[in-house]
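Below: the structure, in structure tokens.
FYI, it's all coordinate maths here, none of it is from the lab. As the structure is a prediction and not an experimental result, all values here were calculated from the model. FYI the Cβ positions are ideal-geometry reconstructions off the backbone, even for glycines, and counts take in every protein chain you see.
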Amino acid sequence: MHLSSLAAAQQDKPGGIAGWAVDLVENLGGPGAGLAIALENLFPPLPSEVILPLTGFAAGQGVLSLASALFWTTLGSVVGAVALYWIGILLGRRRLYAIWAKLPLVKTSDLERTEEWFARHGTKAVFFGRMVPVFRSLISVPAGLERMPLPVFLGLTTLGSLIWNSVLVMAGYLLGDRWELVQGYVGVLSKVVLGAAVVALVAWIVVRLRERRRSGADRS
């Protein structure tokens with residue numbers, strides 16, 4: 001079956017994310033897959049759980065080789081991550097602290113503790129963060145802010161991205177026309193990660209509001 005017709009048949013909206021990714025892969029081959037993943041890094045709402053398995057499926061259909069699929073998607077991941085890394089560098093710590101000081105409920109000490117944590121665990125965060133939905137894009141910004149050496153950042157990002165991409169591309173390659181199963185499983189993982197982040201944020205806000213109330217009561 002033709003790659004485009006299969007992708008369209010499996011989507012609620014023909015011409016959606018899957019159709020867009022398929023068009024890039026069919027028209028540009030491996031570089032198209034790399035471009036799709038680079039954009040996915042810059043715009044996390046573009047789901048890698050759709051683009052990567054579809055690229056693997058395309059490799060299974062002979063649209064491109066498996067080696068090309070892995071090379072170009074990993075290169076795309078690195079390019080997108082480096083763009084976010086440079087955004088972190090351009091933002092800079094001085095601007096970050098100025099913005100942070102204007103935010104409600106937060107303290108300078110919160111940011112200082114975050115920086116201390118990243119100084120101790122930044123390499124692990126960049127490596128493993130590349131395999132966590134949602135955070136796989138965001139982790140590049142603090143790496144730039146904290147001026148992680150670029151060769152270290154590139155090495156960790158390349159290795160972490162290669163592992164993540166290989167799992168999803170190979171899944172699409174092996175599952176064939178059932179590639180959409182990958183989207184379902186990784187989509188659940190993404191929701192769990194987002195849910196945990198929201199719960200943590202709400203808990204933090206509650207604690208901070210209670211601290212503020214207690215501080216106000218002590219002054220009175």
FRET efficiency (Ile163, Arg95; Cβ distance; R0 22 Å; to 0.05) is 0.10
Net +/- balance of residues flanking Ser161 in space, Cβ distance below 9 Å, scoring K and R +1, D and E -1: +2
Taking the alpha-carbon centre of each part, the distance from the range 56-77 to the range 130-161 in Å is 22
Between Arg178 and Lys102, what is the spin-label point distance in nm, taking each point 7 Å from the Cα along the Cα→C-beta axis? 5.3
